[in-house]
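J.: Just passing along the structure, written as structure tokens.
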Amino acid sequence: MLAGTATPDPLVRLLDGLGASGVPGRVGRSEVEAVRQATTVYTTMDLRYGGEVAADVSSGALRWAVSLLDAPMRADTRMELCEAVGALADRTAWTHFDSGRTHSARRLSTLALRTADEGTDPDLRAHVLLNMAAQIGDALPGEAVRLVESALSDQRVCGSERANLHAGLAGHLAKTGAHDDALRHITQAEKLAERGGDRPEWAGFLTAEHLDSIITLALASAGEDDEAIRRFEDLIPRMGADRLRGKAGRMIDLAGLYAKVGRSDEARGLADQAGAALSFVRFTRVTDRLATLHCCLIAGK
């Protein structure tokens, strides 16, 4: 009788003997679509619950997806599979980065770039370069600038991703001290964001709110504190539970700006709200930033 049977063995022992079925005899459209759907699922998980929740499960799916590349398939199927694997690798790299696993994040980004290069999606390749730049932007903003400029040099990249690139580039330029260049790219990002347009299937997260968030972060990096505060105050209430990771991050950004301009009570209140939001999110980078903010606020008393 199975129900209620007592056993001293851990539940994980029930998985003993289970293994992957191996590389399929031939890969077709169903496998490609499965990899695409995996990217959608883990993107949703990451945006809602944070990279620490999504990182390991996404890594397992990526391992399976990469194994498919060893199977025979039609040339056009292989191209589509490479693009699908590249998008999943890029998302997995970002979850590792958010989890503080910087070494594995960089390796996964290299995988994402190599597989994207085997496909024909310029938007994906550009986005991988943008995320690679974000991983090094604090320590090496000049190198980050070069990566994003390389992505922007491809004129095939769609308008929404170009807006994303211009905003990201502006933030890195601001960190190098190139204030006027940063503002110029912010203006370009806003123009492209206003136009809207189509976006790739894997880039469902590339919404108007996402672009507003990245542009506002660039404004904050450029020292445009008043405008950044105004925009964050407008943006944060519009971010729902499906973007809780990003919402918590933007709350900490705004709290930091409040502290910078002397609005300490508002900074403390918002930091507390961000802490409450993070009880539902596993996100090492933001948790560390919140701890740093609390230290600054205590020191500023």
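We did not get these values from a lab; they are worked out from the coordinates using the rules stated. Keep in mind the model is a prediction, meaning the values are calculated, not measured. Every residue, glycine as well, gets a Cβ built from its backbone with ideal geometry; the counts of neighbours run over all protein chains shown.
J.: How do TRP64, TRP202 line up, fewest other C-beta atoms within 10 Å first? Don't jump to the answer; show the numbers that get you there.
T.: Numbers: TRP64 16, TRP202 22.
Ranked by crowding around the Cβ, least crowded first: TRP64, TRP202.
J.: When a footprinting reagent is the concern and you count Cβ atoms within 10 Å, what order do LEU62, LEU113 take, fewest first? The partial results should precede the final answer.
T.: Values: LEU62 23, LEU113 19.
The order, fewest Cβ neighbours first, is LEU113, LEU62.
J.: In a shell of Cβ-Cβ distance under 12 Å around GLY50, excluding GLY50 itself, what net charge do Lys and Arg (+1) and Asp and Glu (-1) give?
T.: That works out to +3.
J.: Once you list every other residue whose beta carbon is under 10 Å from the beta carbon of ARG199, what net charge do they have if Lys and Arg are +1 and Asp and Glu are -1?
T.: Values: positive: none; negative: ASP123, GLU161, ASP198, GLU201.
Once positives and negatives cancel, what remains is -4.
J.: Also, quick follow-up: How long is the gain from ASP272 to THR176 if the chain were fully straight, where each residue apart is worth 0.36 nm and the alpha carbon distance is subtracted?
T.: Values: separation 96, 0.36 × 96 = 34.56 nm, distance 3.15 nm.
That pair, ASP272 and THR176, stretches by 31.4 nm at full extension.
J.: For the chain, state the semi-axes of the equivalent ellipsoid (square roots of 5 times the eigenvalues of the alpha-carbon gyration tensor), sorted largest first and rounded to whole angstrom. Write down the numbers at each step before the final one.
T.: Details: eigenvalues 250, 146, 46 Å².
Over the Cα atoms of the chain, the semi-axes work out to 35, 27, 15 Å.
J.: What's the exposure ranking of HIS185, HIS172, going from fewest to most Cβ atoms within 10 Å? It would help to have the intermediate numbers written out before the result.
T.: Working: HIS185 25, HIS172 29.
Lowest count first: HIS185, HIS172.
J.: When a/c is below 1.5 the answer is rounded, else prolate if a/b is larger than b/c, else oblate, so apply that to the range 29-103 with a ≥ b ≥ c taken from the square roots of the Cα gyration tensor eigenvalues. Spell out each step's value before the answer.
T.: Numbers: a/c = 2.73, a/b = 2.04, b/c = 1.34.
Cα axes put the range 29-103 in the prolate bin.
J.: For a label point 7 Å from the Cα of ASP117 along Cα→C-beta, name the residues of the range 130-170 whose backbone N is under 20 Å from it.
T.: 130-136, 143-157
J.: Ok, one more. Using only Cα atoms, find the angle between the long axis of helix 244-260 and the longest principal axis of the chain, and express it within 0 to 90 degrees, rounded to the nearest 10.
T.: Between helix and principal axis, roughly 20 degrees.
J.: Relative to the longest principal axis of the C-alpha atoms of the chain, give the angle of the C-alpha long axis of helix 225-235, reported between 0 and 90° and rounded to the nearest 10°.
T.: Its long axis makes an angle of about 50 degrees.
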